[in-house]
Amino acid sequence: MAYLRFTSNKICPIFAYSLRKMIQSIKVSVDAVVFGYDSEEGVSVLLIKRRFEPFQKFWALPGGLVKDEESLEQAVSRKLKEEAGIDVNYLEQLYSFGKPGRDPRNRVLSVAYYGLVRPKDFQISAQMDAEDVAWFNIKKIPKLAFDHKQIVELAVKRLQGKIAYEPIGFELLDKRFPFSDLEKLYQALLGRDLDRRNFKKKIMGYGFLEELNESTHRGVGRPAVLYQFNKKTYFDLKENGYNFDLFL
């Protein structure tokens with residue numbers, strides 16, 4: 001059996017070589033996919049225009065490197081504030097992206113987050129290393145920097161999958177809304193038409209949507225009955241293990 005012999009104040013060349021091979025120089029970053037919904041504009045995503053190289057003048061997701069002293073969540077909140085001037089209360093972790101070469105500067109692993117907001121609730125402003133910031137309809141997204149196109153596409157699929165079993169999106173509507181607004185929201189998020197009759201029957205059957213003795217009149221036609229989302233009923237059902245599947 002062969003042994004490596006170490007002498008004082010010296011490192012065995014074989015050990016030194018192996019040590020160099022094991023040392024990692026991976027940096028960690030975060031990216032934020034913030035979706036917005038507006039009844040007129042549909043579903044959009046928040047993008048910033050990069051001020052510096054690499055990918056100078058390209059549109060990209062807000063994001064950047066994580067500082068040593070902060071968590072991933074703190075980092076993504078900081079970058080949204082620094083580059084787009086906004087605070088988003090809740091973002092959910094999407095996926096990690098670590099393909100070698102995804103960033104031409106360094107070996108960078110990015111942890112992506114996504115969320116859904118109402119654009120009209122935010123006053124966006126380009127700051128620091130962002131030259132511009134804007135909302136883009138998800139069907140009209142420009143060419144993106146890095147692998148951000150892949151990140152956005154995965155976030156869209158995750159969002160579409162999630163709304164099939166969880167009634168997200170109610171916070172994007174007015175507190176009291178006609179049922180047609182809910183249908184329009186889900187059709188925009190899914191990117192397809194719904195069977196309106198079955199969708200309404202399914203939603204109303206869960207019991208977390210309340211019909212009100214109020215109505216609204218928009219343009220011509222009959223007044224539309226208003227509804228509201230009952231969060232308490234929904235969370236009670238969820239805690240009791242109720243299985244939601246809106247499109248079975």
Taking segment 99-179, which trypsin sites (Lys or Arg not before Pro) meet the DSSP loop condition and have no more than 12 other C-beta atoms within 10 Å?
-> 105, 139, 140, 143, 175
Using only the alpha-carbon atoms of the chain, report the extent along each of the three principal axes, biggest first, to the nearest angstrom.
-> 90, 46, 30
Once the piece of chain linking residue 153 and residue 107 is laid out straight, how much longer is it, given 0.36 nm per residue of separation minus the C-alpha distance between them?
-> 14.3 nm
Taking only DSSP H segments of four or more residues, each worth -39500 (n - 2.57), what value at 222 nm results for the chain once the sum is divided by all its residues, to the nearest 500 deg cm²/dmol?
-> -8500 deg cm²/dmol
For segment 173-239, what's the relative contact order in percent, using C-alpha pairs closer than 8 Å and at least 6 residues apart?
-> 35
For segment 28-117, which chymotrypsin sites (Phe, Trp or Tyr not before Pro) are both in a DSSP coil and crowded by at most 11 other Cβ atoms within 10 Å?
-> 52, 90
Given Cα pairs under 8 Å that are at least 6 residues apart, what percent is the relative contact order of segment 20-96?
-> 25
Placing +1 on each Lys and Arg Cβ and -1 on each Asp and Glu Cβ in the chain, then taking the dipole about the Cα centre, the residue among 123, 58, 137 whose Cα reaches farthest towards the positive end is 58
Segment 151-236: chymotrypsin sites (Phe, Trp or Tyr not before Pro) in DSSP loop, at most 13 other beta carbons within 10 Å | 165
Can you give me the relative contact order of the chain as a percent, contacts being Cα pairs under 8 Å and 6 or more apart?
-> 19
With just the Cα atoms of segment 27-162, tell me how far they stretch along each of the three principal axes, in Å, largest first.
-> 41, 32, 30
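Taken together, the values in this text are just the output of simple stated rules run on the coordinates, not laboratory data. These figures come from a predicted structure and were not determined experimentally. Note that each Cβ is placed from the backbone with ideal geometry, even for glycine, and that neighbours are counted across all protein chains shown.
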